[in-house]
Amino acid sequence: MGRKFFVGGNWKCNGTIDEVKKIVNLLNDGKVPSQDCVEVVVSPPYVFLPLVKSSLRPDFHVAAQNCWVKKGGAFTGEVSAEMLKNLEVPWVILGHSERRALLGETNEFVGDKVAYALSQGLKVIACVGETLEQREAGSTVDVVAAQTKAIAEKVKDWTNIVLAYEPVWAIGTGKVASPAQAQEVHCELRKWLHANTSPEVAAKTRIIYGGSVNGANSKELAGQPDLDGFLVGGASLKPEFIDIINAAE
Ligand code: G2H
């Protein structure tokens, strides 16, 4: 069963209006495979979402980098799933390790966020991944399974979820997981989905890799059988993002 390759660009907390316009121009001019072959979603900071959405080529889509765990209200500084829907932002990234680590987002909280965002009609890029200490202790699979379980406990329909495996030790460090290391965890995650959700969910859910992906390493990573795309940080702000999208072919 074919899983369409997915490339997300996570711009994180970067950019000025001029820089954002330059990145959008670069994306709009890039030669990439058709939408039938690859789905491209870029995630600027909230404040630039309307600008990017209105100027981005129509075959690329936008994602927010986070949203609130439930309906909006008296939650200073938060942005609700309803607001994203109102702005016609189709995707949201949830559970990124930077938020888990810096803002204390627990597995359960991320699971609640994923469920609420889906209930409001958003599509979700849900992130999981282990720290270096956890990897060295041999608990990688337990950690990502627990993170995925917290989502599976709250969600029945996985149609609108892309699962992003992002080993924390590879994020922004230049230390990319080897294709074999990535494939091993992706395969374990798919086995977990098979055993704990359904064979259909396991076969259909895209599991993408994130952590120091760049134009040079993307092609070999993309060749791994259980790797269905990328969530790209630093390199999504550079011309090589186009090369990464082209790794889909
Ligand atoms: C992991 C990734 C994007 P980078 O966070 O989500 O960032 O490619 O900079 O490691």
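What follows draws every value from the coordinates through simple rules; no lab data is involved. Here the structure is a predicted model, which is why all the values come from computation and not from measurement. Ideal geometry is used to build each Cβ from the backbone, glycine not excepted, and the neighbour counts take in all protein chains shown.
Assorted remarks:
- The separation of the stretch 166-213 from the stretch 3-41, counted between C-alpha centres, amounts to 22 Å.
- Computed from Cα atoms alone, the Kirkwood hydrodynamic radius reported for the chain is 17.9 Å.
- Scalar couplings 3J(HN,Hα) for the stretch 58-66, obtained by applying the Karplus form with A = 6.51, B = -1.76, C = 1.60 to θ = phi - 60°, are x, 7, 9, 10, 10, 10, 7, 8, 5 Hz; x denotes Gly and Pro.
- Inter-label distance, residue 51 to residue 184: 4.3 nm, where each label sits 7 Å from its Cα along the C-beta direction.
- The phi-based Karplus calculation (6.51 cos²θ - 1.76 cosθ + 1.60; θ = phi - 60°) puts the 3J(HN,Hα) values of the stretch 104-113 at x, 6, 8, 4, 5, 5, 5, x, 5, 5 Hz, whole numbers, x for Gly and Pro.
- Long-range amide H partners of residue 39 with built H, under 5 Å: 5, 6, 7
- Using θ = phi - 60° in the Karplus curve 6.51 cos²θ - 1.76 cosθ + 1.60, the 3J(HN,Hα) couplings for the stretch 35-42 round to 4, 5, 9, 8, 9, 10, 9, 10 Hz; x is entered for Gly and Pro.
- Each Lys and Arg adds +1 at its Cβ and each Asp and Glu adds -1 at its Cβ; summed about the Cα centre, the chain shows a dipole of about 440 debye.
- Take every pair of alpha-carbon atoms less than 8 Å apart whose residues are at least six positions apart; their mean separation over the length of the chain yields a relative contact order of 22 percent.
- Amide H contacts under 5 Å for residue 206, placed H, 5+ residues apart: 163
- Peptides 46-57, 206-217 ranked from most to least packed, by the mean per-residue count of other Cβ atoms within 10 Å: 206-217, 46-57.
- On the beta carbon distance between residue 156 and residue 203, with R0 = 25 Å, the FRET formula returns roughly 0.90.
- Rg and Dmax of the stretch 87-213, both derived from C-alpha coordinates alone, stand at 13.8, 44 Å.
- Relative to the current alpha-carbon distance between residue 37 and residue 3, full extension at 0.36 nm per residue lengthens the span by 11.3 nm.
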